[in-house]
1. Which residue pairs have Cβ atoms closer than 6 Å, lie 6 or more positions apart in sequence or on different chains, and pair a first residue in the range 130-152 that is in contact (Cβ under 8 Å) with a residue 60 or more places away in the chain with a second residue that is among the basic types (K, R) and part of a loop (DSSP other than H, G, I, E, B)?
2. Among strands (runs of 3 or more DSSP E) lying entirely in the range 67-178, which contain 1 or more residues that are surrounded by 19 or more Cβ atoms within 10 Å (Cβ to Cβ) and polar (S, T, N, Q)?
3. Would you point out which residue out of S189, S204 is outside any loop (DSSP other than H, G, I, E, B), at negative phi and among the small types (G, A, S)?
4. Name the residue that is most open to solvent (accessible area, probe 1.4 Å), counting only residues in the range 179-202 that are over 13 Å from the mean Cα position of the chain (by Cα) and of a type in the set (S, T, Y).
5. Please work out if R278 is open to solvent by less than 40 Å² (accessible area, probe 1.4 Å) and out of contact with any Leu (no Cβ under 7 Å at 6 or more places or on another chain).
6. Could you tell me which numbered condition A23 fails, if it satisfies all but one of (1) open to solvent by 10 Å² or more (accessible area, probe 1.4 Å); (2) modelled with pLDDT under 95?
7. Checking the structure you have, find out if any residue of the range 15-34 is among the small types (G, A, S) and closer than 19 Å to G69 by Cβ.
8. Applying the selection to the range 1-42, what residues are in a helix (DSSP H, G or I) and aromatic (F, W, Y)?
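The values are calculated or read from the model by the stated rules, or taken from the named source; none is laboratory data. Because the structure is predicted, anything quoted here is derived from the model rather than measured. Here the Cβ positions follow ideal geometry from the backbone for every residue, glycine too, while neighbour counts run over all protein chains shown. With ligands, DNA and RNA removed, areas are computed over all heavy atoms of the protein, side chains included. Shrake-Rupley method; radii C 1.70, N 1.55, O 1.52, S 1.80 Å.
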Amino acid sequence: GGVMINLTRGVPAPESYALAEFAECFQKAMEEDGAKAMSYVASPGYEPLIHLIADQEKINVDQVVIGNGSLELLQFLTYTETQPGDCVFVESPSYDRANLLMKRRGLNPIGIPLETDGVDLNVLQDALKKHQPKFFYLIPDFQNPMGVTYSLEKRKTIAELAQKYHFFVVEDSPYRSLRYVGQDLPTLSSFVPPELSVRMTSYSKTLAPGLRMGVMMGNPEIIKRVKKWAGDTYIGPVSPTQALTYQFIKSGYYEPNLKKIKELYAPRLAKALEVLDRELPGAVYPRPEGGFFIGVTLPEGNDMATLIPRAKEAGINITDGRGFYLNPEDGKRFLRIPFCGLKPAEIEEALGQLIPLLVK
């Protein structure tokens with residue numbers, strides 16, 4: 001075998017990291033505030049950064065908590081806001097690790113099928129007549145793994161249903177700022193009363209995932225409980241990386257860096273869609289305008305059980321689509337294409353080797 005092509009991990013391209021600026025900002029952080037940044041920084045996190053985020057989001061500081069990645073904050077939330085046996089709603093498909101966290105907590109997650117513009121509202125309304133979810137966990141912008149962005153109508157309807165049925169919305173938005181074409185839509189949370197809203201974001205995709213910096217915002221009562229849980233778990237989240245991020249934003253590097261990342265990823269998305277349009281007319285997939293992923297439902301007759309080993313033989317690692325579904329069978333024809341980690345020519349090559357193995 002030659003070199004394996006990894007069509008698996010949804011991680012930022014190493015060439016997107018602003019390493020020289022990171023070095024400079026870390027040095028600044030140490031010179032200006034090193035003693036504080038290197039000490040215990042209790043939950044909710046490094047104060048200057050908490051204030052900066054609150055200012056940017058136009059919310060109070062008691063509505064912000066930083067954690068070591070947003071996944072960890074989601075796990076804390078499952079402990080502070082739910083009991084084993086509680087029902088929660090998730091998208092189907094959804095982020096595989098989020099599904100796993102719900103199951104680990106002993107929750108009863110119910111998957112609401114995704115269409116190309118958000119979840120199927122008919123299924124959602126039927127499910128709400130049968131179940132009382134504590135919360136609905138969703139990724140409305142450039143969803144992982146589908147790449148779907150919710151229409152304005154669906155955002156508003158879900159917000160109305162949250163009020164009518166008294167569940168809170170957990171809006172995960174790690175990809176939201178990575179829009180390469182088209183127009184931003186308001187966050188789903190912006191249509192929900194603050195007491196029914198929790199929103200998560202992260203610096204993993206816009207700066208670097210190794211920083212381990214997730215942010216949770218929203219209902220101050222919920223945030224207070226999550227802060228306490230975090231404090232009892234490890235006193236406070238990793239702080240030198242928060243001080244570095246604070247300096248990076250303060251020095252004016254954030255926006256130009258984001259622009260550079262978008263320019264890096266835009267042609268990769270365009271290439272992936274171009275190859276799919278040309279080679280796989282029988283497949284169903286959204287047309288993302290940003291993010292990291294295109295979720296492809298392959299034509300009938302394809303099956304992950306046989307496709308994964310055949311792809312491996314041809315030199316391509318693919319993610320098992322069944323992992324994104326609560327009922328694995330639902331994902332047997334689901335192929336997640338993470339286009340960000342590969343250059344356009346590598347996408348052409350990877351899909352060029354994979355697509356001939358498929359049942360068209």
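1. D141/R176
2. Where strands (runs of 3 or more DSSP E) fall fully within the range 67-178 and carry at least 1 residues being surrounded by 19 or more Cβ atoms within 10 Å (Cβ to Cβ) and polar (S, T, N, Q), they are 87-92.
3. On inspection, the qualifying residue turns out to be S189.
4. Ranking the candidates gives S190 first.
5. no
6. (2)
7. Checking the range 15-34: at least one residue is among the small types (G, A, S) and closer than 19 Å to G69 by Cβ.
8. F22, F26
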